[in-house]
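Worksheet: the structure to be examined is printed underneath.
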Amino acid sequence: GGPRACPPSPRAAQTLLLRSALFPGTCDRLSAKLAVEGLAVSTAYCPERLAEGRRVAELCAVPQIISGSDARALAHARALFAPLGVDLVELELLEAEVAQLFLNAWRYVAFGTANQFYHIATEKGLSFGRIRAAIMHRYTRASGFPGAGLTAGPRLFKDTMQLAAYCRHTFSLGHAAMLVNETMPDCLLEQAKRELAVQGRTLPGICCGILGMAFKPDSDDGRESLAFKLRRLLLWEGAEVLCTDAHLQGEGFMDVGSLLERSEVVFVGCPHRGYEDLALRPEQVVIDCWGALQHARPRVAIEVAAPSPSAPTRLLRAAVIGGAGHVGLPLSLVLAESGHHAVVIDTDRSKLEAIRGGEFPFLEAGGPELLARCLREFPERLELTDRYSAVCECDVVIVTIGTPVDEHLNPCFSVIEACIMSLRPHLRPGQTLLLRSTLFPGTSARVLGALRKAGFEGVGVSFCPERIAQGEALRELRALPQIVSGSDASALAHAKALFSPSGVDLVELELQEAEVAKLFLNAWRYVAFGTANQFYHIATSKGLSFDRIRAAIVHRYPRAAGFPRPGFTAGPCLFKDTMQLAAYCRHTFSLGHAAMLVNETMPDALLELARRELAREGRTLAGARCGILGMAFKPDNDDVRESLAFKLRRLLLWEGADVTCTDIYVRREGFVELPQLLERCELIFVGCPHREYKDLAFRDSHRIFDCWGAFPPRAAPSA
């Protein structure tokens, strides 16, 4: 609207303070128009980040981002909000405009991911509510994992599309989330069709009730509510549609009791407080993506066994296949420490000899100390061998080999099948084959079927996914809840007996639920990192500091608590597990594919940053002396599997750059010591920000390319 949207007679020394979400650049454009018309009016932008229905309380609690076109505008903004007693976070105008869009787009993509998981689970006949509850139970890395629901209202969708327009519609994760969120009513419709088809019925003529019509719970705002889209879809199908809402009144709306009495199918459009206690008839079909009516479907509840010091301990003899690796060795040591007899089986004899000699083969917090303790205090509980025949004496056979993906990003079963074939001659009735690494959903049942076909009637199968952070396994094995599942009561009992001495909660699921839970968790994290990485790419392409914007967003703001930092999202799990999930739903996991394209091209994004900076001096990367600081896949680790730092090296070499690499934990041919790299190189790329690099002193002439935000931003050196 420009200056015509201003007060009729703006005075000099006034400030026009804008509050709602704006397309980036709007404030500067408005200031320019005001100046053209000779109006000495300043402009401020102080985005509103308050929850609908809680604005009054949050105004006095939530930090306020402020920005202004000049000192007067900033002073006015400070004076306006300072009496509220909240922190004031200062940004530039454009940064503040982008911060508001990043926040809402982040939340929109997060909700979209949960909604896509709901769609995948229901299509496979699984309960997303149960799986999510198991994932989140006392598991801190899933603390930001939202529930599913109808993601609507006047802000999240609009702001996500504003951000997409700002970057010329290259915001692939935003577009993917939009397609998921906007089609959630269609997803619920399809779910109802499937459930009715089981009874030989269809929607035409069926009486359907929609419980709640507002766009979010405990609100009376119906703007952009997807419950109204659901009503239109049901009417199109020929259903009779009834609506009710505890806070909204609309033509044709009725009281909740009458709706429940008449409806054969009940859809939860908006779960207002109080709906969770509604009494539903057993024959009613309930379609509830929010998980609000769990009492109506008891199967949604999960069983959790908390540790009990008084419970009798059943000690087992457990073989760990791949026991000298990153998953197997920490588990073996913790099992031995807990009183079990751990048989470490690995084909790498040199590793086994090193472990016998007290040498821990990789970086693991507390690993050398626990190994030394096991060898010193209870060596009889830790057996090391390369013979598969040792499994015949064991109660449980733990397999740490998972399902990799092939060159077409589809699951490759040959590795796990070959392992089971090698074990088969040594298995006996009464044993449990416990699978530990990520599996394509259905693999546990497939292994069980193969064993039954081969005549192994008494061997059970369990899947107990490993959800441990690399390098922190020993601490987390004793602290994080363990998901357990089994093909029968004996397999489940073995799983519980194995992990209960560690003193952690045991969360029980069915086999395929547990397999999907592991994929959902890692795919959720992969998409979250992909969103931060795409924001980083958008910000840097516009000449903005993503670190500054992110810091302002997350400062004491609880709804951004799970907002990750950008960086190289790599390693042996997240990418692979996301592609496994995509294959599970026939590659319709659009958010996973979009995240993959973002995360896998982060080295390209850094390369483009360097190109742009050198181009200002008329130079190219050819012949430039480039150093890569850190080559592991994650900080404070010595594991280089699937590290994107190596992809960055290949890209730089392709450009004709002279590339030098260093890593404080990784020794490779051609790597140099850190001082030598800093001395030789003019361009420093942060491949992996180990803790020891934090206080590095760079020369003024160094150019630093750091997507992780490990080092404070530096001004470009003068020509």
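The values are calculated or read from the model by the stated rules, or taken from the named source; none is laboratory data. Remember, predicted model here, so these are calculated numbers, not experimental data. Cβ placement follows ideal geometry from the backbone for every residue including glycine, while neighbour counts extend to all protein chains displayed. Ligands, DNA and RNA are stripped out before the accessible areas are found, and what is left, the full protein with its side chains, is counted by its heavy atoms. Shrake-Rupley method; radii C 1.70, N 1.55, O 1.52, S 1.80 Å.
Considering (1) in a strand (DSSP E or B); (2) of a type in the set (V, I, T); (3) without any contact (Cβ under 8 Å) to a residue 40 or more places away in the chain, say which one I684 fails and leave the rest.
I684 satisfies every listed condition except (3).
Which of the residues that make up the stretch 218-227 are within 15 Å of T151 (Cβ to Cβ) and surrounded by fewer than 18 Cβ atoms within 10 Å (Cβ to Cβ)?
Correct list: D221, R223, E224.
Which is surrounded by fewer than 14 Cβ atoms within 10 Å (Cβ to Cβ) and at pLDDT 90 or above, of S9, S20, S42?
S20
Mind checking which strands (runs of 3 or more DSSP E) fall wholly inside the stretch 226-333 and carry at least 1 residues that are among the hydroxyl-bearing types (S, T, Y)?
Working: elements: 240-244, 265-268, 285-287, 303-305, 317-321.
Filter on the stretch 226-333 gives 240-244.
Residues in the stretch 117-169 that are farther than 28 Å from F228 by Cα and without any contact (Cβ under 8 Å) to a residue 60 or more places away in the chain: how many?
3
What number goes with the only condition from (1) open to solvent by 50 Å² or more (accessible area, probe 1.4 Å); (2) of a type in the set (G, A, S); (3) free of Cβ contacts under 8 Å to residues at least 60 places away in the same chain; (4) farther than 20 Å from V461 by Cα that A418 does not pass?
(4)
Could you name every one of the helices (runs of 4 or more DSSP H) located completely within the stretch 509-626 that has at least 3 residues being surrounded by fewer than 23 Cβ atoms within 10 Å (Cβ to Cβ) and of a type in the set (D, E, K, R)?
602-615
Report whether or not R130 is open to solvent by less than 30 Å² (accessible area, probe 1.4 Å) and not small (G, A, S).
yes
Out of all the residues in the stretch 643-654, is one or more touching a Phe, Trp or Tyr at 6+ places or on another chain (Cβ under 8 Å), in a loop (DSSP other than H, G, I, E, B) and in contact (Cβ under 8 Å) with a residue 60 or more places away in the chain?
yes
When you scan the stretch 483-499, how many residues do you find that are of a type in the set (G, A, S), closer than 21 Å to A301 by Cα and open to solvent by 10 Å² or more (accessible area, probe 1.4 Å)?
Number of matching residues: 4.
Check G471, G460, G455 and return the single one that is surrounded by fewer than 21 Cβ atoms within 10 Å (Cβ to Cβ) and at pLDDT 90 or above.
Selected residue: G455, the only one of G471, G460, G455 that is surrounded by fewer than 21 Cβ atoms within 10 Å (Cβ to Cβ) and at pLDDT 90 or above.
Just checking, does the stretch 391-398 include any residue being open to solvent by 60 Å² or more (accessible area, probe 1.4 Å), closer than 30 Å to T443 by Cβ, over 33 Å from the mean Cα position of the chain (by Cα) and acidic (D, E)?
yes
Within the stretch 13-99, which helices (runs of 4 or more DSSP H) (wholly inside it) include 2 or more residues that are small (G, A, S)?
Per the criteria, 26-36, 71-81.
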